[in-house]
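Step one of this worksheet: look at the structure below.
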Amino acid sequence: QVQLVESGGGLVQPGGSLRLSCAASGFTFSWYVMSWYRQAPGKERELVASIASTGGSTNYADSVKGRFTISRDNAKKSVYLQMNSLKPEDTAVYYCKATYATYARDYWGQGTQVTVSS
């Protein structure tokens with residue numbers, strides 16, 4: 001069975017840091033573009049960051065550039081999101097996504113809550 005399991009969320013103060021992890025299983029991880037999305041209450045789901053299958057190319061939403069870093073370890077079948085200088089507006093449920101565009105195939109994790117509050 002395909003599975004994406006996020007972890008690492010929690011409550012942090014503004015300016016703090018968190019590192020999210022997503023562990024994948026049940027598919028050929030190295031073939032997939034991996035992304036992190038987030039959805040805050042009352043807002044649409046938005047793309048936060050993505051990383052190419054090789055790990056050589058990354059993209060970030062303007063709102064997180066310079067603060068967040070996406071990385072992957074294909075041997076461990078995991079993708080990570082290092083979040084620094086967190087702001088209250090970063091509060092959301094963060095989701096891990098695997099994409100194989102050729103076949104319009106997407107896999108989603110269950111999400112992990114990130115709350116930034118003083």
For the stretch 32-39, take each phi angle, set θ = phi - 60°, evaluate the Karplus expression 6.51 cos²θ - 1.76 cosθ + 1.60, and give the result in whole Hz per residue in order, putting x for glycine and proline. 10, 5, 10, 9, 10, 10, 9, 9
The answer for the chain, accessible area per residue at 1.4 Å probe in Å², is 54
For a quick check: with amide H placed at 1.01 Å from N, whose amide H comes under 5 Å from residue 111's, ignoring anything fewer than 5 positions away on the same chain? 6, 96
Give the lysines whose C-alpha is closer than 17 Å to that of residue 87, dropping any in the same chain fewer than 8 places away, or say none. 43, 65
Choice from 41, 14, 88 with maximal GNM fluctuation in the chain (Cα, 10 Å cutoff): 41
Which whole-Hz ³J(HN,Hα) couplings does the stretch 61-78 yield from phi under the Karplus relation 6.51 cos²θ - 1.76 cosθ + 1.60, θ = phi - 60°, glycine and proline marked x? 5, 4, 5, 10, 4, x, 10, 10, 9, 9, 8, 9, 10, 5, 5, 8, 6, 9
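Contact order normalised by length for the chain, with contacts defined as Cα pairs under 8 Å and 6 or more residues apart; what percent is it?
Once divided by the residue count of the chain, the mean separation gives 36 percent.
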Could you tell me how far the Cα centroid of the stretch 67-94 sits from the Cα centroid of the stretch 12-36, in Å? 6
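The values are calculated or read from the model by the stated rules, or taken from the named source; none is laboratory data. Model, not experiment: these values are computed from the prediction. Note: accessible area is taken over every heavy atom of the protein model, side chains too, but ligands, DNA and RNA are not part of it. Shrake-Rupley method; radii C 1.70, N 1.55, O 1.52, S 1.80 Å.
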